[in-house]
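This report refers to the structure that appears directly beneath it.
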Amino acid sequence: MSKALQEILGRNWSLFSKINRLSRRQARYAIAVITGHFGTGSMLLKMGIIDDPTCMACNEDVESTEHLLCECDGLARKRLDLLGVAYPQPEDYFQNKIFNQTLRVDF
Ligand SMILES: [Zn+2]
């Protein structure tokens, strides 16, 4: 884990400790989400890779990490099945129950 990332996560020791115990693959996804470098439509638009960042799951909003994890109507049922809540708040992902459930999802 890079020093810069350790400094960012170091402010939240609980989160740092959890990520440090993950497999390399799980940690990669967790860090991508935390740092906003998950391959969402909004990020791919910024990189000039795509022209339309509209969410493919709902076709209603810009696809961002927060939209996918918390707001997307097209993924609400899946979040409910996997996490036990259809529309979690961003801070809910830092709670043990949802954090642990999220890591069981096979990306
Ligand atoms: Zn959506």
- Query: So, in the range 63-85, of the ones that are over 15 Å from the mean Cα position of the chain (by Cα) and either assigned to a helix (DSSP H, G or I) or modelled with pLDDT of 95 or more (or both), which residue ends up farthest from the ligand (Cβ to nearest atom)?
  - Reply: Asp81
- Query: If you go through the range 26-38 one residue at a time, do you hit one that is at pLDDT 90 or above and out of contact with any helix residue (DSSP H, G or I) (no Cβ under 8 Å at 6 or more places or on another chain)?
  - Reply: no
- Item | Residue ID - nearest to Arg77 (Cα to Cα), chosen from residues in the range 27-60 that are assigned to a loop (DSSP other than H, G, I, E, B) and under 9 Å from the mean Cα position of the chain (by Cα) | Phe38
- Top-ranked residue in the range 12-43 [being surrounded by 14 or more Cβ atoms within 10 Å (Cβ to Cβ) and small (Gly, Ala, Ser); ranked as farthest from Asp61 (Cα to Cα)]: Ala27
- Find all pairs meeting these conditions: Cβ atoms under 8 angstrom apart; at least six residues apart or on different chains; first residue within the range 62-85 and more than 13 Å from Thr40 (Cβ to Cβ); second residue polar (S, T, N, Q) and surrounded by 14 or more Cβ atoms within 10 Å (Cβ to Cβ). Leu82/Gln101; Leu82/Thr102; Leu83/Gln101; Leu83/Thr102; Gly84/Gln101
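The values are calculated or read from the model by the stated rules, or taken from the named source; none is laboratory data. Note that this is a predicted model, so its numbers are computed, not measured. Using ideal geometry, Cβ is built from the backbone for each residue, glycine included, and neighbour counts are taken over all protein chains shown.
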